[in-house]
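Take a look at the structure below.
The values are calculated or read from the model by the stated rules, or taken from the named source; none is laboratory data. What you see is a predicted model, and the numbers here were worked out from it, not measured in a lab. Please note: Cβ atoms are built from the backbone with ideal geometry, for glycine as well, and neighbour counts cover all protein chains shown.
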2 protein chains.
Amino acid sequence: MTIIITAFERSPDGGKGLARDTRVRWALEEVGQPYEVRLVSFRAMKEPAHRALQPFGQIPTYEEGDLALFETGAIVLHIAERHAGLLPVDANARARAITWMFAAVNTVEPPILELATARLLEGDKSWTKERLPLVEERVRNRLDQLSTRLGDADWLDGAFSAGDLMMVSVLLRLRSSGILDEYPNLAAYVARGESRPAYKRAFDAQLAVNTGKLPTG
Amino acid sequence: MTIIITAFERSPDGGKGLARDTRVRWALEEVGQPYEVRLVSFRAMKEPAHRALQPFGQIPTYEEGDLALFETGAIVLHIAERHAGLLPVDANARARAITWMFAAVNTVEPPILELATARLLEGDKSWTKERLPLVEERVRNRLDQLSTRLGDADWLDGAFSAGDLMMVSVLLRLRSSGILDEYPNLAAYVARGESRPAYKRAFDAQLAVNTGKLPTG
């Protein structure tokens, strides 16, 4: 059955790979599943047809036969459960990998989203210059803890998993802030994720959409 | 095998049920699994023994034999996957219920957390009075969308599921702000969740810890 995902017709990041379709593309590349992409304009994202698929007017969505899903984490988990390559076979290790997926989106990403909001949506406000260091400290607090846990391991719990895919994707949003580079083991962890062939294919595919060029890989 | 979760020795909310152990207690009550609770002080949460279980120094955690998990969403999903009562049997409906779990923690909760942060951690800052309406608007934006999707249904997708358990729990954090009451269908949805016997047992159990009284249920 054909898998169809949605992505921005024109990503706000211009193709840096930070739009969430990259996470889904990456998961599909890791498990070797082909997919098609339907591009959605900002206007179309707010219209009823897209809202029926994605009630919050965002991308990505995932369609496969009569199944329609939204929420990146849920889509990645769905892919990981149905195809080998993103979750361990051992039941306990599998539950721990899923724990890291939730840790990525519910513990590490919220302060990172708040930093993005402070910069993008409140960048012109009188308080932002004074407030930003507080927000950055909340991000650092989480990164301190994550860095301690990761230590000198390659991945968060054994082999690369959907938990790492989500955590690397969340941390990538920090690169432009410079904060990630304060944590050499986390910066190396992110680089390790980016160097995976599946990530590269996913990144190139979203870049091709945003530059209007076909991937060269 | 005995299930052991952790909870605050003394919850910051004094027993209003907003600490995340309530979500796990609720899930365990829905599926009829007994559990034990190990209470953790704020000091102990920062120490290596607890950090080995929960790298971010939070509660709850979940131990069952040689399995140790953290992250509320992952724990609730683990419980829902192993016991009937929180996920539909049909594979597509099950994937959609999990979608709502991720929507709760990664789409709806982040602006609600930001509002809590603005009030609790930045309540004394010069900018907070002027900034709060902006943060509240971001919360309302999400609730508008969620309210539209829910419509006059009882639950988000068919029968009550782990997705509703997580969404109701996230929305409960808004009650003191008054914002929830601006959306009668969402307020009724939350009340519907709170009226479930399993929620009441979970709420009473956490309240008993925080008042030092045994549950009367």
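Filter the stretch A:112-141 down to the residues that are touching a Phe, Trp or Tyr at 6+ places or on another chain (Cβ under 8 Å) and surrounded by 19 or more Cβ atoms within 10 Å (Cβ to Cβ) and list them by number.
Hit for the stretch A:112-141 is A:R131, nothing else.
Pairs linking a residue in the stretch A:139-150 that is closer than 14 Å to A:N185 by Cα to a residue that is among the small types (G, A, S) and assigned to a helix (DSSP H, G or I), with Cβ atoms under 9 Å and 6 or more positions apart or on different chains, are A:L146/A:A103. Checking each residue in the stretch B:38-52 for being in contact with a strand residue (DSSP E or B) (Cβ under 7 Å, 6 or more places away or on another chain) and surrounded by fewer than 17 Cβ atoms within 10 Å (Cβ to Cβ) picks out B:R38, B:L39. One residue stands out in the stretch B:160-199 among those that are within 15 Å of the chain's Cα centre (by Cα) and among the acidic types (D, E): the one that is surrounded by the most Cβ atoms within 10 Å (Cβ to Cβ), namely B:D164. Of the residues making up the stretch A:154-197, those that are at pLDDT below 95 and part of a helix (DSSP H, G or I) are A:R175, A:S176, A:S177.
Just so you know, in the stretch A:139-149 the residues that are at the interface with chain B (Cβ under 9 Å from one of its Cβ atoms) and touching a Leu at 6+ places or on another chain (Cβ under 8 Å) include one that is nearest to B:L115 (Cα to Cα), and it is A:L146. Out of all the residues in the stretch B:94-103, is one or more modelled with pLDDT of 95 or more, touching a helix residue (DSSP H, G or I) at 6+ places or on another chain (Cβ under 6 Å) and of a type in the set (S, T, N, Q)? Yes, some residue in the stretch B:94-103 is modelled with pLDDT of 95 or more, touching a helix residue (DSSP H, G or I) at 6+ places or on another chain (Cβ under 6 Å) and of a type in the set (S, T, N, Q). Residues in the stretch B:85-106 that are more than 8 Å from chain A (Cβ to nearest Cβ), within 16 Å of the chain's Cα centre (by Cα) and of a type in the set (G, A, S): 2 in all. Residues B:E71, B:E109: which one is facing chain A (nearest Cβ under 8 Å), surrounded by 17 or more Cβ atoms within 10 Å (Cβ to Cβ) and on the phi > 0 side of the Ramachandran plot? None of the others qualify; the one that does is B:E71. Scanning the stretch A:115-137 for residues that are within 18 Å of B:P133 (Cβ to Cβ) and within 11 Å of chain B (Cβ to nearest Cβ) returns A:T117, A:A118, A:L121, A:E122, A:K125, A:S126, A:W127, A:T128, A:R131. Determine if the stretch A:125-143 includes at least one residue that is β-branched (V, I, T), in contact with a helix residue (DSSP H, G or I) (Cβ under 8 Å, 6 or more places away or on another chain), in the same structural domain as A:I98 (by TED's automatic domain parsing) and closer than 30 Å to B:A68 by Cβ. Checked against the condition, which is being β-branched (V, I, T), in contact with a helix residue (DSSP H, G or I) (Cβ under 8 Å, 6 or more places away or on another chain), in the same structural domain as A:I98 (by TED's automatic domain parsing) and closer than 30 Å to B:A68 by Cβ, the stretch A:125-143 yields at least one hit.
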